[in-house]
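Below is one structure, written out as structure tokens; the observations come after it.
Derivation of every value follows stated rules applied to the coordinates shown; laboratory data play no part. Just so you know, these numbers come straight off a predicted model, no measurement behind them. In this analysis, Cβ positions are derived from the backbone assuming ideal geometry, glycine residues included, and neighbour counts consider all displayed protein chains.
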Amino acid sequence: MAFRSGFVSIVGRPNAGKSTLTNRLVGQKIAITSSRPQTTRRLIRGILTSEDAQLVLVDTPGLHRPRTLLGERLNDQVRETWTTVDAIGLCLPADQLIGPGDRYIAKEIVALGRIPIIVIITKSDKVSREALAERLLDAQLLAEQLGTQWATIVPVSSNNGENIEALVAEFIDLMPEGPLLYLDGEVTDEPLEIAVAELIREAALEGVVDELPHSIAVTIEEMGLRPGRSADRPLTDIHANLFVERDSQKSIIIGKGGSRLKAVGTKARHNIEHLVGTPVYLDIRVKIAKDWQRDPKQLRRLGF
């Protein structure tokens, strides 16, 4: 059989299980996850290579009603991605009814015309067989309402791996014949510093409330192996800036006596050490970038 390769965009509304699914498909964590909507802010490419195919899975931010300039830019990025891929996976969570946000995204991708769409019923392990059957029927009804036909509908569980291999096979069937797009063994093309910054943001998201999750941004000021250490005792030094938009948010992130920031650092350091393969010294400085989500200059400085 000829080798197949191509790009798949994993789409859906915020918190539909896109990043968790991408991690499961690739076989390791490349995208941060959180119960907070709009956790994903960047295009994350996960690379899945087999003997006869290579899939490049593009996890996108959830399309949403933007309230800030950042939100507008993320939506633009998502729509641009849709026009460059070979197939789209539309995530609809099994534990929720199809809602206006799902219908809006489905209508948008159907309007693209030429791109085959696989509907992925995520979180199938969270519902009964009867409820899952209802979601499958709902997905089929959605296609009829939009005057289209899905390439297929696949219920999956990212937690227990149910139907993951079947989903991969369906995507491969939709890919054109082509060469390896990335070297065998690569699982993402995300720069290491970006991945580290995202792991810090993931740790900071845990337990925060209200608007604070959307106000957190992280950049890496400096990162590298500490000089003067022997080869058998490496240590990676990382100096990061964690930005929020107001003084009150800074106090929340730091916590009483620095307790919360210390917890963030401990969790992030554990995940970063797994990523870089050495012990890590992590220094996080909390800074204020007033209303950065609405400021073009600050967005540019923070990498958006």
Exercise. At what distance in angstrom do the alpha carbon centres of the stretch 62-140 and the stretch 44-58 lie from each other?
Worked result: 20
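Between Q145 and S230, what is the FRET efficiency for a Förster distance of 45 Å, r being their Cβ-Cβ separation, to the nearest 0.05?
On the way: r = 65 Å, r/R0 = 1.46.
It comes to 0.10.
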Exercise. What distance in nm separates the simple spin-label points at R65 and T266, each placed 7 Å from Cα in the Cβ direction?
Worked result: 4.0
Exercise. Which whole-Hz couplings ³J(HN,Hα) result when phi for each residue of the stretch 84-99 is put into the Karplus expression 6.51 cos²θ - 1.76 cosθ + 1.60, θ = phi - 60°, listed in order with x for Gly and Pro?
Worked result: 10, 9, 9, 7, 10, x, 8, 8, 10, x, 5, 8, 9, 5, 5, x
Seminar exercise, completed: Sorted by chain and then number, the residues having a modelled amide H within less than 5 Å of the amide H of E162, at least 5 places away or on another chain, are S157
Exercise. To the nearest 500 deg cm²/dmol, what mean residue ellipticity at 222 nm is calculated for the chain from DSSP H runs of n ≥ 4 alone, each contributing -39,500 (n - 2.57), summed and divided by the residues?
Worked result: -11500 deg cm²/dmol
For this session: Taking the chain as the reference, fit the longest principal axis to its C-alpha atoms, fit the long axis of helix 69-82 to the helix C-alpha atoms, and give the angle between the two in degrees, 0 to 90, nearest 10.
Result: 40
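Multiplying the sequence separation of K297 and E193 by 0.36 nm and subtracting their Cα-Cα distance, what value in nm do you get? Working shown, then result.
Details: separation 104, 0.36 × 104 = 37.44 nm, distance 2.12 nm.
Result: 35.3 nm gained on full extension.
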For this session: Using label points projected 7 Å from each Cα along Cα→Cβ, tell me how many nm separate E222 and S50, to one decimal.
Result: 4.7
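Expressed in nm to one decimal, what extension gain is obtained for the pair E177 and M1 from 0.36 nm per residue of sequence separation less their Cα-Cα distance? If you can, show how the numbers build up before the last one.
Numbers: separation 176, 0.36 × 176 = 63.36 nm, distance 0.96 nm.
Computed gain between E177 and M1 is 62.4 nm.
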Seminar exercise, completed: HN-Hα couplings for the stretch 140-154 via Karplus (6.51, -1.76, 1.60; θ = phi - 60°), in whole Hz with x for Gly/Pro, come out as 5, 5, 4, 4, 5, 5, 8, x, 9, 9, 6, 4, 5, 10, 10
Seminar exercise, completed: Most fluctuating of H64, H270, H214 in the GNM of the chain (C-alpha, under 10 Å) is H270
Problem set entry | Helix 192-205 axis, angle to the chain major axis (alpha carbon atoms, nearest 10°) | 90
For this session: Would you please give the residues with an amide H less than 5 Å from that of V280, counting only those at least 5 places away or on a separate chain, with H modeled from the backbone geometry?
Result: T236
Exercise. So, in Å, what gap is there between the alpha-carbon centers of the stretch 157-214 and the stretch 225-288?
Worked result: 23
Seminar exercise, completed: Interchain or sequence-distant (5+) residues whose placed amide H lies within less than 5 Å of the amide H of G62 are Q38, T40
For this session: Taking a cut-off of 21 Å between Cα atoms, list the lysines near K18, but don't count ones fewer than 8 places away on the same chain.
Result: K29, K107, K123, K126
Exercise. Which residues does a label at Q28 reach in the stretch 254-281, if reach means a backbone N under 11 Å from a point 7 Å past the Cα toward the Cβ?
Worked result: 274-277
For this session: Out of all DSSP beta bridges with both ends in the chain, state the antiparallel percent to the nearest 5.
Result: 35
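What full-extension length gain, to one decimal in nm, is calculated for E162 and D76 as 0.36 nm per residue of separation minus the Cα-Cα distance? Each step should come with its number before you reach the end.
On the way: separation 86, 0.36 × 86 = 30.96 nm, distance 3.27 nm.
Result for the pair: 27.7 nm of gain on full extension.
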For this session: Mind jotting down the three principal axis lengths of the stretch 192-301 based on Cα atoms? Whole angstrom, largest first.
Result: 45, 31, 19
